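Heads up: the structure comes next, in structure tokens.
What follows is calculated from the coordinates using simple rules that are stated; it is not laboratory data. Bear in mind the structure is a predicted one, so any value in this text is a computation, not a measurement. We place every Cβ from the backbone using ideal geometry, glycine too, and count neighbours over all the protein chains shown.
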Amino acid sequence: MNRLKLAAAVFAVTTALALTGAPAAFAGSARGAATANLSVSAQAALASSTTAAPLLMIHGFMDSCHDAFDYNPPGWDTSNSGGYGTASSFLSGLGFTNRVQIGYYTSAQPNLSVQDYDTSGGVGYKCDYNLQTSSDVKGSVTGSNAYNGQCNNIDTNTSHYGNTNDHIARLGCLLAWLIFDHYTLQGQPVNVLAHSMGGLIIRYAIGATNAGVANFPPQRLLVANVVTVATPHQGLPDNGTPASYYEAAVILDGNSNELSDMDASSGLMSTLGGSAYQQPQGLTGTYWTLMGASDGPYGSAPFCDAPAPSGAITDGGNIVSCWLNDGDSVVPDSSQMGMQSNAKILYGVRLGQIISCSPICVYTLNIADAATQYEHEVNIPCGSFLGVTACFKAGPYYLNDTGSGGTMAWECHSCGAGIPGGSPVHESRSLTAISAGLQHNSAMCVAGRFSNGSTDQAILNAYNSNGGVGNLGCPFDNGGGVYVHYWSGPQANVQDFTGGGFGPAIIVDGPQGGYFVNYGFRTAYISGGYSKTCLAPTDNAYASGGGTRQDFVNCYMTWTSSTGVVVHGPNPNTCTDYGGSTMTGPNACVGFYTGSVWFSGHGVGLFGQEIWTYSNGNVVDSTAHYTLSGLDTTRASQLQAYIPNNYSDAPNAHYHYCSPGGGCADGYVNQNNYTNQWANFGYVCTTDGTATIVLSDDGGNPSGSLVGADAIRAVRTGIVC
């Protein structure tokens, strides 16, 4: 049947928006298809993302940030070709420009040249953060998730704070909160370089957080890579003689809490031996590298066995620092390597078999490279025992070897808790190897991640398939948090991204999968308020009509250079609120759209929004589409249509309705019999709480009769589905 339907009377809302920036157009591509490969520049951005991440540098026992990372003492042994420098300057030259030194001492420690906080006025050096300063730990974070002094519950004796009587568990708690508040809540992963006891602090911080230990942060930390250097992962054995480092340290420090915690038989070491603390993982995974070394056994008395036999390999340092066990003269190599890890590197010389002990003991040796028998420390103070003074100030040192030449070391990958076996292999010198260890895990964004570590697979898939960090950047907090979160606008999970090649974007996990919205479409979607009327995108933007188009559940958007962005669908500023998801109708904010031609009812209807069209015999032409949600899934719902007092006289108005689990059916209403009344036309059962209805202009109605479309609702009944 031919009818005059004026285009000017078409019921469609098209809103032109004065927005800058063209949506990404994928010319010649299929709708929703991923069309952009990662460019060379994007690949470079991904490769550099690990070095660009903050590098937290944590010193060890009785040490300071300066002495560990920024001090290069004079008089080093010259046998190590390639030169010396500081860890900070060397790593900066390799791209680690965002270095953050973290200390935890506030009172003077014996014989240290510079403290974590220098109070002398002469040097003015301090760490970037000190764990004893609450504002350093908490930063600018506020709210229930922020640090609020919880770690003091671990040890309430405030006289212990800031000196060697501070427990490692409390320091681990403080470090965990610093990482959580400054970085994890912002979606920013960090790398960690930890020396000696510092490695125990970061290990406990990650492990205790994962285990849900009281007073620690409520969710896992974003730590991408950790390198521990000469860390006593299995503690310091105490054999009761000055030939053990533990006893030597007692002479220097007294039996402090930190030293007691590092006793191999302590409660802390027992806890660290548990599965939660073996290679503990951050939110997106953590790559652990353990680095250590072993000195040669020969040197000068009294702490070495005796002057070395002719031709024997001696300690690499220029001052006494050798022990009659394998290790770096401070931590045994078995303890340095004493945790499961992704990789281990052990330098130096290890004892073999005893050949004889008359008059001195002579050993066979396992030699990786005598030139890299790294010392544990610089500037460890001298100590006296039984009238003998010992000093440990020799080199080379792990954190000062800037040499570019290679060496040999024992290595393993996917390692258990033991020492690497096999023959030595080619390896870089210490600082170069440290740099490599800090770059293994390049998964530096929390794309697709909820705050509890679980994954929204649709968002993650959309992120990866559309170029990842190169095209979309990394997540950021645009008001709902940096992680995946539910947004009531589109009624879906979303995540905001800083933008790479595609500019700032939002990925929405909608009913048809994850798709991103960017440029002008994003502005309309977020700032223009169209997320609540258009709902989730059903594809990515694609080339259409000389411009770009993107489709959504309840609208579509177009862009051309002449029109800018136009939204075809309900205007969030003028749409009608039908009071809930179980009722909708013309001009509804959600759940309604039309096909072909409809005319305005000029204020008639339940909310004055009725539309109408001419009947079309038995052929479908014009359609009105309704989507209801939130229906009861255990009881049947009765479907009702509101019939206004005008523009609705079709004797056989056709309603076709469907629901998941309930199938489809047809209902008919004689609209002549109702005046501003609800008319029943069917029942539905639904397994997911949704139902769709289509009112069409067929039904065999007489020519000239009017099909009125107004509100439709679902009313719960007592009928069991």
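Listing for the model above:
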{"read-out": "Intensity falloff of the range 524-582 expressed as log10 I(q)/I(0), Debye formula with alpha-carbon point scatterers, at q = 0.19 Å⁻¹", "value": "-0.68"}
{"read-out": "Table column - 3J(HN,Hα) (Hz), the range 158-167, Karplus curve with 6.51, -1.76, 1.60, x for Gly and Pro", "value": "5, 5, 7, 5, x, 9, 6, 8, 6, 6"}
{"read-out": "Cα-based reach from Lys344 at 15 Å (exclusive), listing aspartates and glutamates while leaving out same-chain residues under 8 positions away", "value": "Asp333, Glu411, Glu427"}
{"read-out": "Neighbour-count ranking [beta-carbon atoms within 10 angstrom, fewest first] of Arg203, Arg713", "value": "Arg713, Arg203"}
{"read-out": "Cross-link partners of Lys532 among aspartates and glutamates (Cα-Cα below 17 Å; sequence separation of 8 or more within a chain)", "value": "Asp496, Asp509, Asp551, Asp577"}
{"read-out": "Karplus-derived 3J(HN,Hα), 6.51/-1.76/1.60, for each residue of the range 556-561, Hz, glycine and proline x", "value": "9, 10, 10, 9, 9, 5"}
{"read-out": "Where N is the number of residues in the range 457-563, Cα Rg divided by 2.2 N^0.38 Å", "value": "0.98"}
{"read-out": "Evaluated at q = 0.13, 0.18 Å⁻¹: base-10 log I(q)/I(0), Debye formula over Cα of the range 583-720", "value": "-0.49, -0.93"}
{"read-out": "Neighbourhood charge, 14 Å Cβ-Cβ cut-off, centred on His485 and excluding it, Lys, Arg +1 and Asp, Glu -1", "value": "-3"}
{"read-out": "Projected area, mean over directions - the range 194-241, Cα convex hull, nm²", "value": "4.5 nm²"}
{"read-out": "Charge sum, other residues only, whose C-beta stays under 13 Å from Ser270's C-beta, Lys/Arg counted +1 and Asp/Glu -1", "value": "-2"}
{"read-out": "Net charge, Tyr578 excluded, C-beta distance under 14 Å - Lys, Arg +1, Asp, Glu -1", "value": "-1"}
{"read-out": "For Ala211, residues with placed amide H under 5 Å, excluding near neighbours", "value": "none"}
